[in-house]
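Shown next, in structure tokens, is the structure this report addresses.
The values are calculated or read from the model by the stated rules, or taken from the named source; none is laboratory data. This one's a predicted model, so the numbers in the text were calculated from it and none came from an experiment. Neighbour counts run over all protein chains shown; Cβ positions are idealised from the backbone, glycine included. Surface accessibility is based on the protein's heavy atoms, side chains included, excluding ligands, DNA and RNA. Shrake-Rupley method; radii C 1.70, N 1.55, O 1.52, S 1.80 Å.
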Amino acid sequence: MNEFSFIDKSLATVFITLFVVALGFGVILPVLPFFTERLALGEGVSSDQITFHIGFLTSVYPFFQMLFAPLWGRWSDRVGRKSLMLMGIAGFVAMQLLIGVATSIWLLYLARIIGGIFTSAIIPVGYALISDLTSADKRSLGIALGGTSYSLGVIVGPFIGGLLSQRDWHWNLEWGHFLINGYSIPFFFLAIIGLLLFPLINKGLQNGVFLLAEKPKRSRGATWYQIVRDLFPLLFLSFIYQIALTLFEAVFSIFSKNELQYNAVTIGYGFMVCALVMALLQPLVVSTRIKKIISGRKQITLGFGIFGVGVLLLLLTDQLLYVFLFIGLLAAGV
């Protein structure tokens, strides 16, 4: 039997949703430095402050995801997975539209915060759905495929963001505090994709999914204290990993624009390399064959080491080929 034969309509819907959310994350990565600079210069912000805003705007999105993801995950056990997936997509669409019409740094912050809060519902709920819809022997593969779907979105996103934002559209529509121009195109494109997800989720998440009208029976599960106590080493390592990855995403965009003089398309290619390596390796490392060769504990240790070496080597070159090569190396560690 095909190893992937367990993927049904519901699982495919979850994978597509994770892909689209990651697409939104990936689109803005190469565009953000240029988009922020345009807004900041219009407000008389200094160059040092522009760099600060670029970094902060990059990190505020995952920060709010981190804050709200546990709350959404817990709530999904009470009200159902499907409802929160739809709510998350609604927030995703709102974020894209608000970024697309933003004329100030603060509107951009508001959009990123809204996006961080609501898209944080999709990721934990999506993985909870994968767990709901897979048997024990397929669960690791299902979760890895979810990670691959997300990584593929990050691969395609920077390419779309760099390509669409670099088009010479020659048009401006302005009213009040809102503006639509060439920078708006990638975000309106994402908003349309998000809207198309509503009927897909509504029809695709049926069997084996907790619906709002079918609340699961409440049971006394583990407390927050017990969860943190039992999983603290893994949670701590995950926290360190997320900090390191977010720092790379923020600093690489700024460094590439200011020091290496890369445009949005080239920066997008860098993020594409990173996500492509992650997407290819994630299903591989959870395979039974690899687990027999190297245990999960050793994989984590090796991953952190490879990531650190990749970052250090990245600091030693300004040649595009080596930049991409070392990005691929650090991504292998992730």
- Note on the structure: Restricting region 238-255 to residues that are in contact with a Pro (Cβ under 8 Å, 6 or more places away or on another chain) and polar (S, T, N, Q), the one most open to solvent (accessible area, probe 1.4 Å) turns out to be Gln242
- Selection from region 258-272 of residues that are open to solvent by less than 40 Å² (accessible area, probe 1.4 Å), under 13 Å from Ser165 (Cβ atoms) and out of contact with any Leu (no Cβ under 8 Å at 6 or more places or on another chain): Ala264
- Query: Of the conditions (1) open to solvent by 20 Å² or more (accessible area, probe 1.4 Å); (2) more than 23 Å from Leu200 (Cβ to Cβ); (3) more than 22 Å from the chain's Cα centre (by Cα), Asp8 fails just one. Which one is it?
  - Reply: (2)
- Item | Verdict on Ser135 being more than 27 Å from Cys274 (Cβ to Cβ), hydroxyl-bearing (Ser, Thr, Tyr) and open to solvent by less than 10 Å² (accessible area, probe 1.4 Å) | no
- Query: Can you name the residue in region 141-170 that is small (Gly, Ala, Ser) and under 20 Å from Ala331 (Cα atoms) and is also farthest from the chain's Cα centre (by Cα) among such residues?
  - Reply: Ala144
- From the residues in region 50-91 that are among the hydroxyl-bearing types (Ser, Thr, Tyr) and either outside any helix (DSSP H, G or I) or within 23 Å of Ile193 (Cα to Cα) (or both), which one is most open to solvent (accessible area, probe 1.4 Å)? Ser83
- Note on the structure: Among Val31, Val14, the single one that is in contact with a helix residue (DSSP H, G or I) (Cβ under 7 Å, 6 or more places away or on another chain) and at pLDDT 85 or above is Val14
- Is it fair to say Thr103 is touching a residue at least 60 places away in the same chain (Cβ under 8 Å) and in contact with a His (Cβ under 6 Å, 6 or more places away or on another chain)? yes
- Query: Within region 38-49, can one find any residue that is buried (at least 16 other Cβ atoms within 10 Å of the Cβ), free of Cβ contacts under 8 Å to residues at least 40 places away in the same chain and either of a type in the set (Ser, Thr, Tyr) or under 30 Å from Glu259 (Cβ atoms) (or both)?
  - Reply: no
- Task: Confirm whether Ile227 is out of contact with any Asp or Glu (no Cβ under 7 Å at 6 or more places or on another chain), at pLDDT below 75 and either among the hydrophobic types (A, V, I, L, M, F, W, C) or part of a helix (DSSP H, G or I) (or both).
- Result: yes
- Task: Report, by residue number, each residue of region 92-131 that is over 24 Å from Ser165 (Cα atoms) and either of a type in the set (S, T, N, Q) or open to solvent by 10 Å² or more (accessible area, probe 1.4 Å) (or both).
- Result: Ile117, Phe118, Ser120, Ile123, Pro124, Tyr127, Ala128, Ser131
- Could you list, in sequence order, all residues of region 92-115 that are part of a helix (DSSP H, G or I) and more than 18 Å from Leu195 (Cβ to Cβ)? Ile105, Trp106, Leu107, Leu108, Tyr109, Leu110, Arg112, Ile113
- Note on the structure: Only unsatisfied item for Lys291, checking (1) under 16 Å from Ala144 (Cβ atoms); (2) at pLDDT 80 or above, is (2)
- Can you confirm whether region 288-305 contains a residue that is under 26 Å from Phe15 (Cα atoms), assigned to a helix (DSSP H, G or I) and charged (D, E, K, R)? yes
